[in-house]
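What follows is calculated from the coordinates using simple rules that are stated; it is not laboratory data. As the structure is a computational prediction, the values presented were derived from the model and not from experiment. Please note: Cβ atoms are built from the backbone with ideal geometry, for glycine as well, and neighbour counts cover all protein chains shown.
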Amino acid sequence: MYGNAYIDPDKAPNSLVADEDPVKLAEFEARIAAGEKIEPQDWMPKEYRKQLIRMIEQHAHSEIIGALPEGTWITRAPGFRRKLALMAKVQDEVGHAQLLYSAAETLGKSREQMINDLITGKSKYSNIFNYPAETWADSAVIAWLVDAGAIINQTTNARGSYGPYVRALERICYEESFHLKYGHDNVVHLATGTKKQREMVQAALHRWWPPLMHFFGPADKISVHSEVLMKWKVKMASNDEMRQQFLDMYVPKIWDLELTLPDPELRKDEETGRWIYTEPDWEEFKRVINGDGPCNAERLAVRRMAEEKGRWVRRAILGEKAKYVKPFA
Ligand code: 3HC
């Protein structure tokens, strides 16, 4: 779990490359440097495959778990139009998960095993979905700002090196842009509505801001995987670079609505163009991504129930193959 990956910044491993055939590795890295796409049947370092499975699987889990906090508001949406739009968004997120599970399967890990690893807590999903969506305004803030963060991450990584992943990301980004518009329209409606509506969206914003600051991953100085992921163009920007882009794009928009954010230090250094903010609480982040967040148990219980109740469908379609498959060697 994160505990294994989280190491003292001074002891970060320098040589991140596994024991590979140096000639093949050099050819692979020349292809990456030339901006070529790596396809499933191509030679790739074991570490490249392992990192891609970890990251794409985690992304897929995040999509399907991410549908849960918003999904709880479909039956309570304030009107038919909002209900329709939210239903469409939640359906999209589940579809994104299927696209990403398919991309991860091209690397040799089966969907059954990925779902098993999610349900048993072995695999991670985004920290942000382990918090409760307490009011309708929470679902609006998620649709606007979590999807905004996802779009920054996904449009950046869509320029990466692994063919099946970047093609899935391109498709996902088209649909995310609708989610962003829906979420922004929702937040603006509440922020310019009645006093009660404005107070509701302001409270939601304060609840979701700390997990949003965790969303792009730990600070670069303590990020364990960034070096090798960026070396092989799986990750096309660092965690802090994506966080800065998010702040630059969305803090002004939030302030334009005369809403406040729960960080007295938050300001832009006009000289450097960088945003200054209070260091996120990485201890909270570690706790949440290791299963100890407000909603982790509830989220996995829902997934476990869905798998159990849906097993007969898989058995009917896949027959014997529906059983648990041995992990990819
Ligand atoms: N939530 C949970 N775990 C996280 C995390 C987060 N936000 N950020 C980092 N971690 C974990 C990593 O998995 C790693 O743990 P591990 O070694 O046990 O796997 C550890 O923290 C160290 O962090 P690193 O910075 O070294 O990890 P990465 O290099 O993988 O960077 C990332 C993290 C930027 C999230 C990267 O994995 C990534 O870009 N992933 C693909 C995009 C993705 O997964 N997005 C999730 C949201 S999807 C979404 O919002 C859908 C929307 O439509 C609603």
Listed pairs LYS37/LYS286; LYS50/LYS89; LYS195/LYS253; LYS83/LYS181 exceeding 24 Å between Cα atoms: LYS37/LYS286; LYS50/LYS89
Size descriptor, Kirkwood hydrodynamic radius, that averages inverse alpha-carbon separations across the range 86-231, Å: 16.9 Å
Qualifying GluC sites (Glu not before Pro) for the range 263-309 [loop in DSSP, other Cβ within 10 Å: at most 14]: GLU265, GLU270, GLU271
For the range 28-88, the Rg and Dmax computed from alpha carbons only, in angstrom: 19.5, 55
Dipole of the chain, positive end: most advanced residue of ILE142, ALA219, VAL23 [Cβ charges, Cα centre]: ILE142
Partner aspartates and glutamates for LYS46 [C-alpha distance under 12 Å; skip if fewer than 8 residues away on the same chain]: ASP19, GLU20, ASP21
Of GLY95, GLY319, GLY108, the one that fluctuates the most in a GNM where the chain has Cα springs shorter than 10 Å: GLY319
In the range 98-168, the trypsin sites (Lys or Arg not before Pro) that fall in loop regions by DSSP, at most 16 other Cβ within 10 Å: LYS122, ARG159
Cβ-placed point charges (K, R +1; D, E -1), dipole of the range 129-198 about Cα centre in debye, nearest 20: 140 debye
Of PRO78, PRO164, PRO22, the one that fluctuates the most in a GNM where the chain has Cα springs shorter than 10 Å: PRO22
Estimated 222 nm signal from helices in the chain, with DSSP H stretches of n ≥ 4 weighted -39500 (n - 2.57), rounded to 500: -19500 deg cm²/dmol
The chain, dipole about Cα centre (Lys/Arg Cβ +1, Asp/Glu Cβ -1), debye to the nearest 20: 1400 debye
Lys/Arg +1, Asp/Glu -1 at C-beta; the range 13-321 dipole; positive extreme among TRP43, PRO210, SER110: SER110
Extent along principal axes [Cα atoms of the range 13-321; Å; largest to smallest]: 66, 60, 33
Of TYR162, PRO78, ALA60, farthest towards positive along the dipole that unit charges on Lys, Arg, Asp, Glu beta carbons give the chain: PRO78
For the chain, the longest site-free run once chymotrypsin sites (Phe, Trp or Tyr not before Pro) in DSSP loop states with at most 14 other Cβ atoms within 10 Å are removed: 44-323
Length-normalised contact order of the chain in % [C-alpha pairs under 8 Å, at least 6 apart]: 22 percent
